Structure formats: C-alpha cells, structure tokens
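The values are calculated or read from the model by the stated rules, or taken from the named source; none is laboratory data. Worth saying up front: this structure is predicted, and the values here are computed from it rather than measured. No Cβ is skipped: glycine too gets one built from the backbone with ideal geometry, and neighbour counts run over all protein chains shown.
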Amino acid sequence: MKLDSSVSAVITGGASGLGAATARRLAAQGVKVALFDVNEEQGEALAKELGGVFCKVDVTSESDVDAAFAKARAAIGQERILVNCAGVGGAVKTASRDKETGKPKHFPLDAFNRVIQINLVGTFRCIAKSAAGMLELPPLEHGERGAIVNTASVAAQDGQIGQASYSASKAGVIGMTLPIARDLMNDGIRVNTILPGIFDTPLLQRAPEHVKVSLAASVPFPKRLGDPDEYASLAELMITNGYFNGESVRLDGAIRMAPR
C-alpha cells in the first residue's frame, strides 16, 4: 500500500507512546490520521499538530468505538489502515500471602478481566469494525483494501511473575492474528502483529532512572530501550509491504525476559 493523502488511518492508543509515534510517521507521509484514546488533552494536542482528528474512546465500550469510527470517517474518510496500540499493563501474582496478615489471597478476577477486555477484546472489537468498513472500499493494486497492525508484547511468550493477565491478553492477540488474516484474505485486508520488547514509552518514563538503566542493560543488543519510532517503522513496513500478512514479529533487541 502506498502512503499518501488519499489514505486514512485510525490509531488506537494514539495520543502517546507507540501509537503517537506511528501517527507521526504516517502523517509525515501525508496519511490522514484519527487518534482513538482516553487521554483527551494529549490526543487533541497531537491531532491538532498532525492535522488529524481526535476521538475519545474506551475500547471496552461498544458505543464509544462505534461513535469514534463514525466521527473519524466523517472527518477523514473510511480508513484503509488500522493500528491497534491501546492497552494496559499491571502485575499481580495469581495467588500469594498478604504482607500484613499473612493470609492467602488471589488475583482479583475483575482486575484480570479488565486487562483481557482492553488488550484482547478491545483490539478485536476495533479490528472487526474497521474491517467491516474496509469492505466498502474499492480495491487497490492486487486487490488490497486495507492493512491492520496489532500490538502484542514479548510478554506473550516470556511472561514474568505477576503478568498472567497481561501475558494472556497479548498471547490472545498473537493467537487471533493468523485466523483473522485468513478470515479477511478474500477481501484484500492484511493483518499483522508486533511484539515490542522494552520501549521508552510514557509508562516507563515514570520509572526511577536506575530502573531504566537496568532495563536497558538487560537488552542483548543494542543495550538501550526501544525508541517508539522503531515500532512505528516496523508498523509502516507491515502496512506498505503487500506480502506481509498473518505474521507476529518480535521487536526487542533479542531480549528474553527472566521470571522477574
């Protein structure tokens, strides 16, 4: 797919981090962008900077997602590109002893379900609704109508202590990548997934400096945190290379996460 002003894109989690870097990279090629995010202040500011549109969206809400796609399409047209970066983390052991009372406790199931609903179900919700819209588009060269990029995590394969919900949600994203690519193959819509390692995103920027230094040192090579634009670069390749389909690719400096 050629990137230019005739193409529109929706980026979930687009107000910051990996999503914002991807929005900037696509906009630099002339692509019209819509940012879906819960952070209204940052999202509006970035949309203004890029000449795009911001839509306040909780991806767990059917009505939010429907309204956002309607707003985005009214402003910039039906998207040919969807990049799913919306997600949450968190770490809680499956079962442990309370530090104060010593009594056993388990991972609250509502908290586990929240991570699944945002990272996995939210991603699928946006894929399904975007793909349905793409079906209305005329095909480009080789019959292509659209390209979808999802965000999983190396935690899907190397989950650490306390990451049961996060790892499960991201493994689910990987697990559905090929079936969705097969679902959409006759309609010319490609689907791929990126598994980022340790990236310098706003979440990590709040960590103490010594923690960031330690994390960077744990990467085999290069010994640094990933730059969000490196994620955006791979997302761009997945979008523009028409033979890239049904793949889940690690982007991690060869790191393999230890138990903790």
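Examine the stretch 98-109 for a residue that is farther than 19 Å from residue 37 by Cβ, out of contact with any Cys (no Cβ under 9 Å at 6 or more places or on another chain) and of a type in the set (Val, Ile, Thr), and state whether such a residue exists.
yes
A residue that is assigned to a strand (DSSP E or B), more than 19 Å from residue 146 (Cβ to Cβ) and basic (Lys, Arg) cannot be found anywhere in the stretch 13-25.
Checked against (1) more than 19 Å from residue 131 (Cα to Cα); (2) part of a loop (DSSP other than H, G, I, E, B); (3) modelled with pLDDT of 95 or more; (4) among the hydrophobic types (A, V, I, L, M, F, W, C), residue 46 meets all criteria but (2).
Cβ-Cβ contacts under 7 Å between residues 6 or more apart (or on different chains), taken from a first residue in the stretch 245-260 that is within 17 Å of residue 84 (Cβ to Cβ) and of a type in the set (A, V, I, L, M) to a second residue that is in a loop (DSSP other than H, G, I, E, B) and at pLDDT 95 or above, are listed as 251/197.
Scanning the stretch 169-180 for residues that are in contact (Cβ under 8 Å) with a residue 24 or more places away in the chain and either part of a strand (DSSP E or B) or more than 16 Å from residue 133 (Cα to Cα) (or both) yields 169, 170, 172, 173, 174, 176, 177, 178.
Can you give me the number of residues within the stretch 226-255 that are on the phi < 0 side of the Ramachandran plot and over 18 Å from the mean Cα position of the chain (by Cα)?
Going through the stretch 226-255 one residue at a time, the tally reaches 4.
For residues in the stretch 68-89 being buried (at least 23 other Cβ atoms within 10 Å of the Cβ) and under 14 Å from the mean Cα position of the chain (by Cα), which is farthest from residue 114 (Cα to Cα)?
This residue is 81.
Look at residue 191 and say whether it is part of a loop (DSSP other than H, G, I, E, B), surrounded by 17 or more Cβ atoms within 10 Å (Cβ to Cβ), at pLDDT 95 or above and in contact with a strand residue (DSSP E or B) (Cβ under 9 Å, 6 or more places away or on another chain). No; evaluated as a whole, the condition is false for this residue.
Give the residue, chosen from 92, 121, 115, 65, that is within 16 Å of the chain's Cα centre (by Cα) and over 30 Å from residue 143 (Cα atoms).
Working: 92 fails: within 16 Å of the chain's Cα centre (by Cα); 121 fails: over 30 Å from residue 143 (Cα atoms); 65 fails: over 30 Å from residue 143 (Cα atoms).
Matching residue, one of 92, 121, 115, 65: 115.
For the condition crowded, with 17+ Cβ neighbours inside 10 Å, at pLDDT 95 or above and β-branched (Val, Ile, Thr), residue 149 qualifies. Evaluating residue 137 against the criteria (1) touching a helix residue (DSSP H, G or I) at 6+ places or on another chain (Cβ under 9 Å); (2) in a loop (DSSP other than H, G, I, E, B) leaves one unmet condition, (1). Of all residues in the stretch 49-67, those satisfying the criterion of being assigned to a helix (DSSP H, G or I) and surrounded by 14 or more Cβ atoms within 10 Å (Cβ to Cβ) are 50, 64, 65, 67.
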